[in-house]
Amino acid sequence: MDGVHFVLGSPNAYIQEPGIIRKAGEWIAKYGKSVFIVTGTNSWNSCGNQLTESLDEAGIHYGIHTYRGECSYEEVSRLKNLTPPETELICGVGGGKVMDTAKALANELNKPFIAIPTLAATCAAVANLSIMYTEEGVYINFPVFVRGTLLCLVDTEVIAKAPVRFLAAGIADTLAKWIEAPMSASGKKQNLATFGGLQMAKLCYDTLIEYSGHAVKDAERGIPSEALQRVIDANILFSGMVGGLGEDNCRSAAAHAIHNGLTVIPETHKAYHGEKVAYGILVQLVLEDRPQEEIKELCDFYRLIGLPLKLKQLGINRELSQEEMNEISRISLLPESTMGNMNFPITSEMIIRAIRTVEGL
């Protein structure tokens, strides 16, 4: 897909409001009365009772299904076999992998997708794609869908009570938009939609640099403050609009490719998506030979909000072998990955050298 003229800029409806979970049934009922819910254990514990009360009040029939921890083709197939034929809507309640699993299921069944994110860790609630992994958590690819999110309900009270580490991971994943999208757009035919995607990426970056420090402190106290609300909107809505507007011209580049490569190291499976992306951003900046002062400023920002700067902070408390480094670079360079969006050729040797440079910062 060229993507230049294909635009899914935003969800059909996006509502961000403290306590919106208590009105979820009222909103969902506007679109259907039978819902298949995909969720995770922790996600459901954070808001499930409030959500089911709201659904019951609205007279909505629903089934609750806990996913098994990975957004895999096998998991989507399992859930598909459990979906009743009378289901009208597929709803994801949780974080990024829950969203991507439910979204892939919705597109497999050709049914509308409703997102109720319990974290602001990715833009998965609104992005028109799913990042797919093996059952063991190794990256495979990201299918792009030609239909977007029908309804996204963002309860800032729920997100404010989530562990702050998820919020920081989402900040990194969103910062990456302004690092990667201009690289992805470079040298390609561009129109106003591409320019819009790039402007969204810059707006996200500027918002996060200004408000993240306060937002993280407020989230530590469980307060859905103005600063936190701005960061949540940047992480979920506006981050998703980067690719939604620019599509293939505003996709990921080296930062997410490095994330993909890191998934082959089992220890990194306990690190969040955005944390691996944070590390990938540093690798991309080194690959681009960005000024040391620019990299230092970003490292200072990482320290401010608690993002990883080293492999050991991603759970790798040992020296990686040459074979492991080669495998990281191999996955990063796969055609299904996003390294090809860099505007100059990248080799395995360059990736390994850049990782070692980051380790030495």
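The values are calculated or read from the model by the stated rules, or taken from the named source; none is laboratory data. Everything numeric in this text was worked out from a predicted model, so none of it was measured. Note that we place each Cβ from the backbone using ideal geometry, even for glycine, and neighbour counts take in every protein chain shown. When the accessible area is computed, the model is the full protein with side chains, heavy atoms only, and any ligands, DNA or RNA have been set aside. Shrake-Rupley method; radii C 1.70, N 1.55, O 1.52, S 1.80 Å.
Which one of THR207, THR156, THR149, THR174 is at pLDDT 95 or above and under 15 Å from VAL7 (Cβ atoms)?
Answer to the check: THR149.
Quick one: LEU151 ticks every box in (1) within 19 Å of GLN16 (Cβ to Cβ); (2) under 15 Å from the mean Cα position of the chain (by Cα) except a single one, so which number is it?
Result: LEU151 passes all but (2).
Go through ALA162, ALA215, ALA172 for me and flag whichever is in contact (Cβ under 8 Å) with a residue 40 or more places away in the chain, outside any helix (DSSP H, G or I) and among the aliphatic types (A, V, I, L, M). Talk me through it step by step, then tell me what you get.
Numbers: ALA215 fails: outside any helix (DSSP H, G or I); ALA172 fails: outside any helix (DSSP H, G or I).
Result: ALA162 is the single residue among ALA162, ALA215, ALA172 that is in contact (Cβ under 8 Å) with a residue 40 or more places away in the chain, outside any helix (DSSP H, G or I) and among the aliphatic types (A, V, I, L, M).
So, SER77, is that one more than 17 Å from LEU151 (Cα to Cα) and buried (at least 22 other Cβ atoms within 10 Å of the Cβ) or not? Quick ask: steps written out before the conclusion?
Numbers: more than 17 Å from LEU151 (Cα to Cα): yes; buried (at least 22 other Cβ atoms within 10 Å of the Cβ): no.
Answer is no for this residue.
Going by the conditions given, is GLY25 more than 22 Å from the chain's Cα centre (by Cα), open to solvent by less than 40 Å² (accessible area, probe 1.4 Å) and touching a residue at least 60 places away in the same chain (Cβ under 8 Å)?
Details: more than 22 Å from the chain's Cα centre (by Cα): yes; open to solvent by less than 40 Å² (accessible area, probe 1.4 Å): yes; touching a residue at least 60 places away in the same chain (Cβ under 8 Å): no.
For GLY25, the condition - more than 22 Å from the chain's Cα centre (by Cα), open to solvent by less than 40 Å² (accessible area, probe 1.4 Å) and touching a residue at least 60 places away in the same chain (Cβ under 8 Å) - is not met.
If I filter segment 299-315 for residues that are surrounded by fewer than 21 Cβ atoms within 10 Å (Cβ to Cβ) and over 22 Å from ALA168 (Cα atoms), do I get at least one hit?
no
Confirm whether ILE114 is of a type outside the set (Phe, Trp, Tyr), touching a Cys at 6+ places or on another chain (Cβ under 8 Å), buried (at least 24 other Cβ atoms within 10 Å of the Cβ) and not in a helix (DSSP H, G or I).
yes
Output the residue which, of all residues in segment 191-205 that are under 22 Å from ALA125 (Cβ atoms) and open to solvent by 40 Å² or more (accessible area, probe 1.4 Å), is nearest to the chain's Cα centre (by Cα).
So the residue we want is TYR205.
Regarding ARG221, is this residue over 27 Å from GLU327 (Cα atoms), surrounded by fewer than 24 Cβ atoms within 10 Å (Cβ to Cβ), free of Cβ contacts under 8 Å to residues at least 40 places away in the same chain and under 20 Å from the mean Cα position of the chain (by Cα)? Full working, then the answer.
Details: over 27 Å from GLU327 (Cα atoms): yes; surrounded by fewer than 24 Cβ atoms within 10 Å (Cβ to Cβ): yes; free of Cβ contacts under 8 Å to residues at least 40 places away in the same chain: yes; under 20 Å from the mean Cα position of the chain (by Cα): no.
Considered against the rule, which asks whether it is over 27 Å from GLU327 (Cα atoms), surrounded by fewer than 24 Cβ atoms within 10 Å (Cβ to Cβ), free of Cβ contacts under 8 Å to residues at least 40 places away in the same chain and under 20 Å from the mean Cα position of the chain (by Cα), ARG221 comes out as no.
For segment 125-145, state whether one or more residues are open to solvent by 10 Å² or more (accessible area, probe 1.4 Å), farther than 22 Å from GLU267 by Cα, among the aromatic types (Phe, Trp, Tyr) and part of a helix (DSSP H, G or I).
no
For SER72, indicate whether it is over 30 Å from PRO224 (Cα atoms) and buried (at least 21 other Cβ atoms within 10 Å of the Cβ). Let's see the steps before the verdict.
Working: over 30 Å from PRO224 (Cα atoms): yes; buried (at least 21 other Cβ atoms within 10 Å of the Cβ): yes.
For SER72, the condition - over 30 Å from PRO224 (Cα atoms) and buried (at least 21 other Cβ atoms within 10 Å of the Cβ) - is met.
Residue by residue, here is whether (1) open to solvent by less than 10 Å² (accessible area, probe 1.4 Å); (2) farther than 22 Å from LEU8 by Cα; (3) in contact with a strand residue (DSSP E or B) (Cβ under 7 Å, 6 or more places away or on another chain); (4) at pLDDT 95 or above holds:
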{"residue": "LEU228", "(1), (2), (3), (4)": "yes, yes, no, yes"}
{"residue": "ALA234", "(1), (2), (3), (4)": "yes, no, no, yes"}
{"residue": "LEU237", "(1), (2), (3), (4)": "no, no, yes, yes"}
{"residue": "GLY246", "(1), (2), (3), (4)": "yes, no, no, no"}
{"residue": "ILE265", "(1), (2), (3), (4)": "yes, yes, no, yes"}
{"residue": "HIS269", "(1), (2), (3), (4)": "no, yes, no, no"}
{"residue": "HIS273", "(1), (2), (3), (4)": "no, yes, no, no"}
{"residue": "GLN284", "(1), (2), (3), (4)": "yes, yes, no, yes"}
